[in-house]
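The values are calculated or read from the model by the stated rules, or taken from the named source; none is laboratory data. Since we're looking at a predicted model, the values are computed, not measured. When we count neighbours, we look across all protein chains shown, and the Cβ atoms used for this are built from the backbone with ideal geometry, even at glycine.
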Amino acid sequence: MSTTKIIRCFIALEMPIEIQIKLGDIIGQLKKTGADVKWVDPSNIHLTLKFLGEIPESAVLRAGLGLNTLKGKFKTIHSGLGGLGAFPSLDRPKVIWAGLSQGAEEIKEIYREVERLTADISEEEKGREFSPHLTLGRVRSNKNIQQLKEAIKKADIPKNDIRITRLALMKSTLTREGAIYSVLNEAELV
């Protein structure tokens with residue numbers, strides 16, 4: 001009897017390394033507050049379009065094939081870093097994020113196509129309003145929360161140009177040190 005292999009995965013837009021470095025600098029600024037936040041490793045920062053969850057290997061293959069149909073379908077997204085914020089709000093921060101200054105409509109168009117392609121693969125996050133963002137950290141407690149909120153308001157956001165050129169199906173392996181991501185398939189934006 002064979003066992004079905006289950007893989008935790010998601011579809012995301014990959015961020016260029018220079019933006020990951022800039023966001024690492026911003027995380028460094030925010031860490032100085034001493035707030036109790038699980039910060040994302042800058043090399044793992046990406047823009048999640050669809051979290052597929054833990055799905056069978058056969059569904060991962062279907063997601064990869066679906067991604068193949070998007071190759072060359074969308075143009076490179078030109079954007080920049082926008083402000084910082086928090087979900088659900090800055091008054092009650094649970095997730096710290098960086099926004100993008102432009103390209104939201106293009107990203108939402110890709111998101112809608114990814115939703116269509118994965119409709120029969122995953123029920124995760126269905127019906128949730130999509131808001132393009134880059135997760136920087138998750139708040140674990142209220143320790144030094146006021147200092148964190150002030151630092152978010154005052155953070156120095158560099159005005160860099162971002163060229164988003166790749167859409168990827170990513171595998172997420174959870175470890176004690178944090179998630180390890182690996183690319184399973186990708187589609188270039190033209």
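Couple of notes before you dig in:
- The lone criterion from (1) under 13 Å from the mean Cα position of the chain (by Cα); (2) touching a residue at least 60 places away in the same chain (Cβ under 8 Å); (3) assigned to a loop (DSSP other than H, G, I, E, B) left unmet by Ser131 is number (2).
- Conditions (1) part of a strand (DSSP E or B); (2) in contact (Cβ under 8 Å) with a residue 40 or more places away in the chain: number failed by Phe74: (1)
- Residue pairs whose Cβ atoms lie under 9 Å apart, separated by 6 or more positions or on different chains, with the first residue in segment 7-21 and farther than 21 Å from Leu70 by Cβ and in contact (Cβ under 8 Å) with a residue 60 or more places away in the chain and the second hydroxyl-bearing (Ser, Thr, Tyr) and surrounded by fewer than 22 Cβ atoms within 10 Å (Cβ to Cβ), are Arg8/Ser172; Arg8/Thr173.
- Qualifying residue in segment 161-180 (condition: surrounded by 18 or more Cβ atoms within 10 Å (Cβ to Cβ) and either free of Cβ contacts under 8 Å to residues at least 60 places away in the same chain or part of a helix (DSSP H, G or I) (or both)): no
- When we screen Ile107, Ile152 for residues that are touching a Pro at 6+ places or on another chain (Cβ under 7 Å), surrounded by 18 or more Cβ atoms within 10 Å (Cβ to Cβ) and aliphatic (A, V, I, L, M), the only hit is Ile107.
- Condition check for Ile110: β-branched (Val, Ile, Thr), over 18 Å from Lys75 (Cβ atoms), at pLDDT 95 or above and not in a loop (DSSP other than H, G, I, E, B): no
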